[in-house]
Structures are given as structure tokens and as C-alpha cells.
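Engineer: Take this structure, written in C-alpha cells, and hold onto it; I'll ask about it next.
Please treat every number below as a calculation from the coordinates, not as lab data. Model, not experiment: these values are computed from the prediction. When we count neighbours, we look across all protein chains shown, and the Cβ atoms used for this are built from the backbone with ideal geometry, even at glycine.
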Amino acid sequence: MSGDLGGPEAQRAARRDEAVRAAVEQGLLGPEAPIVGLLDVAGIRESAAALRSAFEAVTAPGTPVLHAFAVKASPLVPVLRLLHEAGIGAEVASPGELALARAAGVPAERTVLDSPAKTPGELAEALSLGIAVNADNPQELERLDALVKASPDTASPLGIRVNPQVGGGSIEALSTATATSKFGVALRDEGAREWVVSAYLDRPWLTRLHAHTGSQGIPLALMAEGVRETYALAEEINERAGRRQVDTLDIGGGLPVNFASDETTPTYAEYARVLREAVPGLFDGRYGLVTEFGRSLLAKHGTIVARVEYAKSAGGRPVAVTHAGVQVATRTVYAPGAWPLRIAAYGGKGRPKEGPDVVQDVAGPACFAGDLLAAGRALPLLEQGDYAAALDTGAYYFAHHYAYNSLARPAVHGFVARADAGVAFATVREAQTVEEIVAESGAAHVDALTSMR
């Protein structure tokens, strides 16, 4: 069993292999179930524990720290429940995400609402529940003014999100601290910093300050620079207020994920050490902390496995046509340079496939030529009835369905590999049925347009 292998990465890879084999043997994968998402429950718990311990190692004793999982990374209620029981809260950015967190049992005091487009109703609900809110802009702060005036006893911690404008990383779409980012108050714009300071001085109920530099493609040094700028602003506000008005810093998440191998790098411990060196005052106990990690908690613990329906060739290159493509790996298909995925080959019985590497394409089921999980990839030749596994897909992949060609959402199963009892599975989400696809597509209103005159 995997427990005999050395290192967490090797153990995780062994658990994955066991799960794929067991999924085939137990009928979760096969001709009638040609695609499935698998979640490693033990791995998720290990990531949550690593996050907590990394910050415990650098913070002063007694410092309040809330690690709030970015729900957008995996909007699945059982996943949120698992993380909640592992000591992780929820960062939500829509009414739907808030409803998911509440359904999972995440308490209001462990929930943070961040969104650049909160409606008055969303803000009122958050304040009525006591959920923390970070205002994105001056107009939203005006809405909070009215709500706080109407409900001065709200338990919601309130703050402002700022954009430290420290620059971007290698993926522009995920760089949230550029000069023109849509998020937060742009601190280096003319007059903006003074506006933020004055906003706090005029509102004693503003007690938090929030910034998020970006995620995948952002180097640790740049992430730390964004936190350092936010910390300096909090110090300025408190100095001018003559008291510790800002008592909590929400430093966002964004730890990048290594998609090139099974190695977990960078680690939470490495990031915490970088932060301690760059912003030592952040951890001296004067400020509570909030983090909002998402991808880094789950990516390594999810796998999409798809059956090879046909194996063919084109232009002399083998092509494996599978059931996993743009509908589950949208970013990879449309931006393969920024979002490459590792592919593992498994035989028809779910065991790792052996043999010489062959350069081949791994294609999806959608009706356009670019629907490829991997192009020109060297791996053991995939043949009809084999399985292709897209690795590191536990975040932002099988939980974010793209309904191209009305392809169904695949089932998602959590698994635990037990030394004495094999692999046990639990359903996280059932596969979408054709009837559900039809219902979502307006079947109840079939005559709505033809009846119009």
C-alpha cells in the first residue's frame, strides 16, 4: 500500500493509482461511465493541516488567524464541509457561494464576502448574518454607510479592499495588483491613498484592510510585496487615528501550484517564511490575519479520469479521443500555454500503463479542433478502452463545468485508500443526466417563443 512509500508526494501518487484501479473495478469508470472526477480526502486534510501549521509557526501565540477557503476553487458542498471540519472557513464572492458555504455548515464568523459587484441585497444579508465584508470601492462603501447607520449593532467585521499596484505575474488574467486591475481601490492613483486613510478616520467601524495580489503565475516575492504595502497602509491609518483601529489584515491567497510534477512547491511554510522576512510586524500579534487560499489547497488532490473511446491517427500522429476536454478543462483547452496539464496513462483495468513513450494527442469530445487536453505529448500509447487521467485538477476543473455541446457534468467521488480494506468511495456530486440537461435548457418553456405575436 501507499503507506510503505517515502514522502507525501509518492504516497499521494500511489493513492491516486489505487483509486483509478478501484474506480474501474467498482464500476465508477467504464463504458457507461466514461468520465469521473476523483478527490483524495486524505490529501485535502493534509493540505489544510499544512496551511494551519505554517502560519502557526510564524505568528505570535494567541494571534487570531482565519484561513478562509476561496469557494470559487471548488464550489462543492461536501468539499466545503470537509474543509470546515479541518479548520478552514469560507471566502465567498456571490450569493450562490454564500449559500453553498451555509449549506456546508460554515459559520458566519468564519465567512468572508469579497466581490467587485455586491448588490445592496447581498450587503444587507451579509450584515444581518454577521459575515465579514471587504468593500471594493467608494460607491460600495457608501452603501455600507447606509446599512451600518440602519443596523449599528451588526457583528460583521468591515474593511476596504485595496490594490497595492505592485505589478503582475506570468498570467495577466490572474494578476490582481496591476495598475489597471478591476479589484479594490488603486492605491497609487492620484489621491487614492489619502481617500482610504480618511475613509477609515471617518468610520471607526472600519477595522479590516484587505488586498490580494494574484494567484497562479505570481512569484512569492511579489505576493509578499503586496502584503507589505497593505501592512504599511494599516500602520499609517492606525498612527493617524492614534489607536489600533485596523486590527485585522486580510492578505488574500494565491499561492501558485506546480503543475509540472507531483512535488508540492511552493509550500505554505515557504510562503510564511517569505512573509515573515518581508513583513516581520505582520506576525507580532498586533494584527489578526485572514487568508483566502483556494487552488493550492485542492489542486494536487483531484484527478479527472476519462475513457479512451477511440484511438486513431492523423498526419502520422496518434490521437486518443477521450471524454474529457473543454467541458472540464476549459482553461487548458483555450490557453494551453498558461494551463498545461500532466496526463497519466492507465490501461483498461485501471492500472498504470507501461511501454515506451509515444508522442500523441489526447483529445476531448467537443466538436472543435482545439479540444485537446494535451498536444504532442510523450506517454505510453493510449489505445481504445484505456484511460487518460488529467492530474492536479482538484481545483477549477471538474467543479466548473462548461456546457459545450451540452456535455454532461461528470460525477465526482471522494476516496480514501485503506491498507486493510482497499479504496472506499463517497459520492460528492452525481453525474448530470440528459433529462437534467434538457430541463436546464428551457424545456418547461418550449412554446415560449412560438406563442409570441
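Engineer: Of Arg193, Arg409, Arg307, Arg240, how do they rank once you tally other Cβ atoms within 10 Å and put the fewest first?
Structural biologist: Ranked by crowding around the Cβ, least crowded first: Arg240, Arg193, Arg409, Arg307.
Engineer: Here is a follow-up. Calculate how steeply helix 8-25 sits against the longest principal axis of the alpha-carbon atoms of the chain, using the helix alpha-carbon long axis, and give the answer as 0 to 90 degrees to the nearest 10.
Structural biologist: The helix 8-25 is inclined about 50 degrees to the chain.
Engineer: Given points 7 Å out from each Cα along the Cα-Cβ axis, report the Thr265 to Ala103 separation in nanometres with one decimal.
Structural biologist: In this crude label model, Thr265 to Ala103 measures out at 3.9 nm.
Engineer: Shifting gears a bit: Could you please rank Phe368, Phe415, Phe259, Phe55, placing first whichever residue has the fewest other Cβ atoms within 10 Å of its Cβ?
Structural biologist: Phe368, Phe259, Phe55, Phe415
Engineer: Right, next: Please report how far the C-alpha centroid of the stretch 83-98 lies from that of the stretch 190-236, rounded to the nearest whole angstrom.
Structural biologist: Here the answer is 23 Å between Cα centres.
Engineer: What list do you get for Asp361, Asp392, Asp447 if you sort them by fewest beta carbons within 10 Å?
Structural biologist: Asp447, Asp361, Asp392
Engineer: May I ask for log10 I(q)/I(0) of the chain at q = 0.09 Å⁻¹, from a Debye sum over the Cα atoms as equal point scatterers with solvent left out?
Structural biologist: For the chain, the Cα-only Debye profile gives -0.64.
Engineer: Same structure again: Nearest-5 percent of antiparallel DSSP beta bridges in the chain?
Structural biologist: That works out to approximately 50 percent antiparallel.
Engineer: For Glu277 and Asn258, calculate 0.36 nm times their separation in residues minus their Cα-Cα distance, and state this gained length in nm to one decimal.
Structural biologist: This chain segment gains 4.5 nm when fully extended.
Engineer: Using Cα-Cα distances under 8 Å and only pairs 6 or more residues apart, what relative contact order does the stretch 42-297 have, in percent?
Structural biologist: Over the stretch 42-297, the number comes to 21 percent.
Engineer: What angle do you read, to the nearest 10 degrees and between 0 and 90, between the alpha-carbon axis of helix 268-278 and the longest principal axis of the chain?
Structural biologist: So the inclination is approximately 30 degrees.
Engineer: Report Rg(Cα)/(2.2 N^0.38 Å) for the stretch 1-90, keeping two decimals.
Structural biologist: 1.36
Engineer: Contour minus end-to-end for Glu436 and Ala33, with contour as 0.36 nm per residue of separation and end-to-end as the Cα-Cα distance?
Structural biologist: Fully extending the segment from Glu436 to Ala33 adds 143.4 nm.
Engineer: Next question, about the same structure. Given a cut-off of under 8 Å on Cα pairs at least six residues apart, what relative contact order in percent is computed for the chain?
Structural biologist: 18
Engineer: Can you list residues whose amide H is under 5 Å from Phe293's amide H, if they're 5+ apart or on another chain and H is modeled 1.01 Å from N?
Structural biologist: Amide H to amide H, under 5 Å and 5 or more residues apart or across chains, Phe293 pairs with Ala68, Ala70.
Engineer: Still on this structure: Grab the Cα-Cα distance for Arg351 and Ala403, subtract it from 0.36 nm times how many residues apart they are, and report the gain in nm with one decimal.
Structural biologist: Contour length minus the Cα-Cα distance gives 15.7 nm.
Engineer: Show me 371-383, 284-296 ranked by packing, highest mean number of other Cβ atoms within 10 Å first.
Structural biologist: Ranking, from highest mean packing down: 284-296, 371-383.
Engineer: Right, next: Mind ordering 155-163, 95-103 by average Cβ neighbours within 10 Å, highest first?
Structural biologist: The most tightly packed comes first, giving 155-163, 95-103.
Engineer: Still on this structure, I have one more. Which angle between 0 and 90 degrees, to the nearest 10, do you get for helix 41-56 versus the longest principal axis of the chain when only C-alpha atoms count?
Structural biologist: For helix 41-56, the angle is close to 30 degrees.
Engineer: Now for a different question. Let me know the number of lysine pairs in the chain closer than 20 Å at the Cα, not counting same-chain pairs under 8 apart.
Structural biologist: Here the count comes out as 6.
Engineer: I would also like to ask the following. Quick check: the distance between the Cα centres of the stretch 1-78 and the stretch 275-308, to the nearest angstrom?
Structural biologist: Taking the Cα centre of each part, the stretch 1-78 and the stretch 275-308 sit 14 Å apart.
Engineer: Right, something else. Give me the percent of DSSP beta bridges within the stretch 42-297 that run antiparallel, rounded to the nearest 5.
Structural biologist: Once the DSSP bridges in the stretch 42-297 are tallied, antiparallel ones form about 5 percent.
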